[in-house]
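Below: the structure, in structure tokens.
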Amino acid sequence: MEPLRIAMPPELFSPAAYKQFEGEADLPVLKAGPDLYDFAAPLAWQADVTNTGDALLVTGTVRGEARTSCARCLKQFSFPVVGEIEGYFLIGEGEAPEEMEGDEFDVLPDDRKIDFRPLIEAALLLELPLIPLCDEGCKGLCPRCGADLNEGPCGCPAKPEQDDAPVRENPFAALKGLDLGE
């Protein structure tokens, strides 16, 4: 994945200076836990860079349409995503505010270029669902035959056969009659 590095102009290195940047970012695939997200079109982003005296503060937004598979029925679906871009880059030997941890800021590189790609990815990752669902009411797949239950009931019997019902219903059912000497 190629970086999205933008050189900070010299006028931005005066205290209280401000500049706005915007553009599009092509992200082929973004991995969030076990799920993969892709984007049909480039993501639109905008960011404000403000000189705070010791650092450059980056704030902005990224917008796009994400696609992934439903965790219940496995069908592809799309949804809008908007993330908040945030970054803090120390200038030279500047000091981070006392309340900031070491992983909450970076040091501005000597070439004075900021790579916006990791900031955009982090903003999106915070907005992606933990469990992607095509619909809150998604019924998923039948655990026996694999039919999509959103399309209607499958042909499986409501209750499994009685002879092996405990094994199919619950793998721990065999322990039900175990005498533990109580």
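The values are calculated or read from the model by the stated rules, or taken from the named source; none is laboratory data. Keep in mind it's a predicted model, so treat the numbers as computed, not measured. Cβ placement follows ideal geometry from the backbone for every residue including glycine, while neighbour counts extend to all protein chains displayed. Surface areas here come from the heavy atoms of the whole protein model, side chains and all, with no ligands, DNA or RNA. Shrake-Rupley method; radii C 1.70, N 1.55, O 1.52, S 1.80 Å.
Taking the C-alpha atoms only, the angle from helix 116-127 to the longest principal axis of the chain is near 40 degrees.
In order along segment 84-91, the phi-based Karplus estimate (6.51 cos²θ - 1.76 cosθ + 1.60, θ = phi - 60°) of 3J(HN,Hα) comes to 9, 7, 9, x, 9, 10, 5, 8 Hz; Gly and Pro are listed as x. The residues of the chain present an accessible area of 65 Å² per residue when probed at 1.4 Å with all protein chains retained. Taking every Cα-Cα distance in segment 1-90 and sorting them into 5 Å bins starting at zero, the pair-distance distribution P(r) comes out as 3, 12, 19, 20, 14, 12, 9, 6, 3, 2, 1 percent. Near Lys139, the amide H atoms lying under 5 Å from its own belong to Asn150; only residues 5 or more places off or on other chains count, and H is placed 1.01 Å from N. For the chain, a Kirkwood radius taken over Cα pairs fed into Stokes-Einstein (25 °C, viscosity 0.890 mPa s) yields D = 119 µm²/s. What is the sum of charges, Lys and Arg at +1 and Asp and Glu at -1, for the other residues whose Cβ falls under 10 Å from the Cβ of Leu149? Once all neighbours under 10 Å are counted, the net charge is 0. Separation of segment 136-155 from segment 1-52 is 41 Å, based on Cα centroids. Nonpolar atom fraction for segment 20-65, defined as the carbon and sulfur part of the 1.4 Å probe accessible area, stands at 52 percent.
Distant-in-sequence amide contacts of Ile85, defined by a placed amide H-H separation under 5 Å and a gap of 5 or more residues or a different chain, comprise Gly60, Thr61, Val62. Note on Asp111 and Ala71: their simple-model spin labels are 4.0 nm apart, each label 7 Å out from Cα toward Cβ.
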